[in-house]
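Scroll down for the structure; my scribbles are underneath it.
Each value in this text was obtained by applying a stated rule to the coordinates, not by laboratory testing. What you are looking at is a predicted structure, and each value in this text was computed from that prediction instead of being measured. Every residue, glycine among them, receives a Cβ derived from its backbone with ideal geometry; neighbour counts consider all protein chains shown.
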Amino acid sequence: MVDGVFAGTKAHYRAALLAARRMLTDTVRAAETQALCDHLAEFVAADDTVCAYMPVGTEPGSAAMVDRLRDLGARVLLPVTRSGPDGEPLALLWGAYVPGTLVTARFGLLEPAQPWLDASAVAQADVVLVPALAVDRHGVRLGRGGGYYDRSLPMCRPDTRLVAVVRDAEVVDELPHEPHDVRVTHALTPSRGLITLADAM
């Protein structure tokens with residue numbers, strides 16, 4: 001657990017969580033990825049639209065999760081990051097996931113090739129899988145600070161499941177938050193599967 005180790009700045013939490021992720025062995029990563037894949041069938045149905053993402057670096061999961069969504073019959077959309085003329089992040093664009101057609105983009109991400117859907121496509125999603133460093137029991141998500149998802153998630157339907165994908169120890173009691181932070185409704189962890197977050201619904 002990360003709670004109680006630091007006094008409360010987001011920077012402190014990010015540094016601690018990223019350091020813990022770097023300590024994981026490949027064996028642990030592989031086991032956690034398989035467990036996350038196994039849990040997807042518990043809440044993703046055929047014909048659902050799922051906004052997912054390709055994990056990079058030490059993020060939990062792997063491309064196998066995205067392929068598993070397709071195997072379940074879901075329509076899978078992946079994010080495309082773009083910034084405005086002033087360098088500020090814009091709401092995410094989206095593209096259909098077609099295996100073998102992804103291109104390398106900013107931040108080392110793999111993104112769908114054009115044509116893209118506009119930012120409002122996230123409103124079609126039944127489930128949005130959201131990258132996170134941690135999430136608390138009230139739905140506060142700690143990301144990397146880019147702001148792309150905070151601009152995109154408000155466009156989701158009220159009944160969309162917003163699912164932060166984290167490791168078991170990254171579900172904590174409380175995280176620092178700001179007024180613009182968009183709360184998620186669930187967390188997905190390797191051991192516990194889909195967790196409904198109190199006060200986030």
In terms of modelled amide H atoms, which long-range or inter-chain residues lie less than 5 Å from the amide H of V165? V130, A132, L188
Based on other C-beta atoms within 10 Å, arrange D118, D126, D26, D67 from fewest to most. D26, D118, D67, D126
Calculated from backbone phi, Karplus (6.51, -1.76, 1.60) coupling profile of the range 71-77 in Hz, x at Gly/Pro: 4, 6, x, 7, 8, 10, 10
Can you put W116, W94 in order of Cβ neighbours within 10 angstrom, beginning with the fewest? W116, W94
What percent do you get for the relative contact order of the range 10-196 when only Cα pairs under 8 Å and 6+ apart count? 21 percent
Just to check, using Stokes-Einstein with a Kirkwood Rh over alpha carbon pairs, what's the diffusion coefficient of the range 1-85 at 25 °C and 0.890 mPa s in µm²/s? 163 µm²/s
Under 9 Å, Cβ to Cβ, from L194 - net charge with Lys/Arg +1 and Asp/Glu -1: +1
Relative exposure of M54, M23, M155, M65, judged by other C-beta atoms within 10 Å (fewest first): M23, M155, M54, M65
Each residue of the range 83-92 in turn: what ³J(HN,Hα) in whole Hz from Karplus with 6.51, -1.76, 1.60 and θ = phi - 60°, glycine and Pro shown as x? 10, x, x, 8, x, 6, x, 9, 4, 5
Can you bin the chain into rounded, prolate or oblate? Criterion: square roots of the alpha carbon gyration tensor eigenvalues sorted a ≥ b ≥ c, rounded for a/c under 1.5, prolate for a/b above b/c, oblate for the rest. rounded
Length added when fully stretched, D173-D71, from 0.36 nm per residue minus Cα-Cα: 33.3 nm
